[in-house]
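Asker: This is the structure I have questions about; it appears just below.
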Amino acid sequence: MKDILDFAKEILLERMGEDGTFVDFTMGNGHDTLYFAQYLKKGHVYAFDVQEMALENTKKLLQDNGGFANVTLIHDSHHRVDQYVREPIDAGIFNLGYLPGSDKSVTTQCETTMEALEKAVNLLKTGGVIVVIIYPGHKEGSREAELVEQFCAGLDKHKYNSYKYALLNKSNPPYIVAAEKFIPRNRYTGEPL
């Protein structure tokens, strides 16, 4: 079986071409930002974080790996995504919780996460996907888990598929919730409608 983060990347890559638009809604230390910047040869990556340390760490990581002109780092909350990203997106990732190696009392917040998730889903191209990695082992994380699942379960079944990928034999492990804006197909021929 795949590690949760590797599986998240696999889900995202299945729906992206090298000319796609990707949003890292929680840049953290920049690993997802770098990964997709390397993949998107002709595309663009937008990455958000409210913590200055996250921007500094990501900037350094990108520079240490040759620098990337196809990345826009944004020192702002992900719930303001629509003020920066104007085009439809192919994929995006939320890695909820706190910045690894920093103050664990600073976490993503339910209100801004949910506003950002709704905007992310609205920005999705047909065939695109949003992946949310949830860490329910802390108070805000368990609230986010509940709200993210409710939101994704409530998406229009005629336009979206929602998924949950979780370990069953561990206590409060991180897990994935994903929302895909699917391509409607003729159920008899499989041809796009």
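The values are calculated or read from the model by the stated rules, or taken from the named source; none is laboratory data. As the structure is a computational prediction, the values presented were derived from the model and not from experiment. In this analysis, Cβ positions are derived from the backbone assuming ideal geometry, glycine residues included, and neighbour counts consider all displayed protein chains.
Listed here are the residues, each with its yes/no results for (1) in a loop (DSSP other than H, G, I, E, B); (2) under 25 Å from residue 174 (Cα atoms).
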{"residue": "19", "(1), (2)": "yes, no"}
{"residue": "53", "(1), (2)": "no, yes"}
{"residue": "60", "(1), (2)": "no, no"}
{"residue": "129", "(1), (2)": "no, yes"}
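Asker: Output the number of residues of region 80-95 satisfying the condition of being within 9 Å of residue 48 (Cβ to Cβ) and surrounded by fewer than 23 Cβ atoms within 10 Å (Cβ to Cβ).
Answerer: Residues meeting the conditions: 2.
Asker: Does residue 72 fit the bill of being of a type in the set (Ser, Thr, Tyr), at pLDDT 95 or above and surrounded by fewer than 18 Cβ atoms within 10 Å (Cβ to Cβ)? Walk me through how you get there before you give the answer.
Answerer: Values: of a type in the set (Ser, Thr, Tyr): yes; at pLDDT 95 or above: yes; surrounded by fewer than 18 Cβ atoms within 10 Å (Cβ to Cβ): yes.
So residue 72 fits the description; yes.
Asker: Being at pLDDT below 95, out of contact with any Ser or Thr (no Cβ under 6 Å at 6 or more places or on another chain) and closer than 21 Å to residue 167 by Cβ narrows it down to one of 134, 93, so name that one.
Answerer: Among 134, 93, only 134 is at pLDDT below 95, out of contact with any Ser or Thr (no Cβ under 6 Å at 6 or more places or on another chain) and closer than 21 Å to residue 167 by Cβ.
Asker: Applying the selection to region 72-95, what residues are under 28 Å from residue 183 (Cα atoms) and not in a helix (DSSP H, G or I)?
Answerer: Correct list: 84, 85, 86, 87, 88, 89, 90, 91, 92, 93, 94, 95.
Asker: Go through region 1-17 and give me each residue that's in contact (Cβ under 8 Å) with a residue 24 or more places away in the chain, out of contact with any Phe, Trp or Tyr (no Cβ under 9 Å at 6 or more places or on another chain) and not in a loop (DSSP other than H, G, I, E, B).
Answerer: 5
This table checks each residue for (1) touching a helix residue (DSSP H, G or I) at 6+ places or on another chain (Cβ under 9 Å); (2) surrounded by 13 or more Cβ atoms within 10 Å (Cβ to Cβ); (3) over 18 Å from residue 82 (Cα atoms).
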| residue | (1), (2), (3) |
| --- | --- |
| 125 | no, yes, no |
| 135 | yes, yes, yes |
| 142 | no, yes, yes |
| 153 | no, no, yes |
| 156 | no, no, yes |
| 165 | yes, yes, yes |
| 170 | no, no, yes |
| 189 | no, no, yes |
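Asker: Tell me which residues, restricted to region 97-115, are surrounded by fewer than 23 Cβ atoms within 10 Å (Cβ to Cβ) and either modelled with pLDDT of 75 or more or of a type in the set (A, V, I, L, M) (or both).
Answerer: Result: 97, 99, 106, 111, 112, 114, 115.
Asker: Just to be sure before I move on: is residue 53 hydrophobic (A, V, I, L, M, F, W, C) and surrounded by 18 or more Cβ atoms within 10 Å (Cβ to Cβ) in the structure I sent?
Answerer: Values: hydrophobic (A, V, I, L, M, F, W, C): yes; surrounded by 18 or more Cβ atoms within 10 Å (Cβ to Cβ): no.
No.
Asker: Where residues in region 21-35 are in contact (Cβ under 8 Å) with a residue 40 or more places away in the chain and assigned to a helix (DSSP H, G or I), which of them is farthest from residue 67 (Cα to Cα)?
Answerer: First, pick out the residues of region 21-35 that are in contact (Cβ under 8 Å) with a residue 40 or more places away in the chain: 21-29, 32-33.
Now drop any that are not assigned to a helix (DSSP H, G or I), which leaves 32-33.
Working: 32: 15, 33: 12 Å.
Here the answer is 32.
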